[in-house]
Amino acid sequence: MEPEEILETEIDIEACALRGEEPPRARFYRVRINDDYIRVETPDPEGESLLARVHQRPCRFDLIEVFHEGENQEIGPENRVNLRKRGLTRFITAHKDVVTIFVQGEPVEIRRGEHTPVQVLTEAKVVGPDGYDLLEEKEGQPLLPIPDNKPIRIEGCEVFHYQAKTGGSS
């Protein structure tokens, strides 16, 4: 079977959907994600690469296909999207309720919102979480210790480390 001939230089998938047409093969596809228009070089990009194009990550956001007929379908970060699918108009992103953070380099699923350091360590399945200090890693900064009594606002993608508590009273 011969590959389909590329007929167009750039196709706007939303315009095709609104006309009820299946997008033809093209060198580039114009795609809307939220309010941003991006140019995609392949008809079947991965969900994670589309999120990255609008500066979002799958540890914090879901990617959702929106169809002309009102259907929505969530796309996993490792799943490929068919930009030539009839009726696909655009994509939206949604902040996840359960996000992924990283503790000692391991992914941990946790509900978005405020948590104490002990709650974060408990979710990370650290045995005896009261015996550890939680440290947050922020790009370009030294590890920042988080006081036990200070709630941490979890949005997703945060990076933490822990170490045994030091000091104490005699």
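Along the range 26-43 the Karplus relation, 6.51 cos²θ - 1.76 cosθ + 1.60 evaluated at θ = phi - 60°, assigns HN-Hα couplings of 8, 6, 9, 10, 8, 10, 9, 10, 6, 9, 9, 9, 10, 10, 10, 8, 9, x Hz to successive residues, with x for each Gly and Pro. Net charge dipole, the range 37-170: roughly 340 debye, given to the nearest 20, about the Cα centre with Cβ charges of +1 for Lys and Arg and -1 for Asp and Glu.
Hydrodynamic estimate: the Kirkwood radius of the range 38-109 over Cα pairs, inserted into Stokes-Einstein at 20 °C and 1.002 mPa s, corresponds to D of 164 µm²/s. Bridgeable aspartates and glutamates around K125 (alpha carbons under 15 Å apart, same-chain partners fewer than 8 residues away excluded): E106, E109, D133. Taking amide H as placed 1.01 Å from N in the peptide plane, R25 has its amide H under 5 Å from the amide H of L7, each at least 5 places away in sequence or on another chain. Net charge within 15 Å of D148 by Cβ-Cβ distance, Lys/Arg positive one each and Asp/Glu negative one each, not counting D148 itself? Summing Lys/Arg as +1 and Asp/Glu as -1 gives -2. Only DSSP H runs of four or more residues enter the estimate; each adds -39500 (n - 2.57), and after division by the residues of the chain the mean residue ellipticity at 222 nm equals -3000 deg cm²/dmol. Accessible area per residue for the chain, computed on protein heavy atoms with a 1.4 Å probe, is 61 Å². Along its first, second and third principal axes, ordered by size, the chain spans 79, 29, 29 Å in Cα coordinates. When you restrict to C-alpha pairs under 8 Å that are six or more residues apart and normalise by the size of the range 32-111, the relative contact order lands at 33 percent.
The values are calculated or read from the model by the stated rules, or taken from the named source; none is laboratory data. What you see is a predicted model, and the numbers here were worked out from it, not measured in a lab. Every residue, glycine among them, receives a Cβ derived from its backbone with ideal geometry; neighbour counts consider all protein chains shown. In case anyone asks, the SASA skips ligands and DNA or RNA and just uses the protein heavy atoms, side chains included. Shrake-Rupley method; radii C 1.70, N 1.55, O 1.52, S 1.80 Å.
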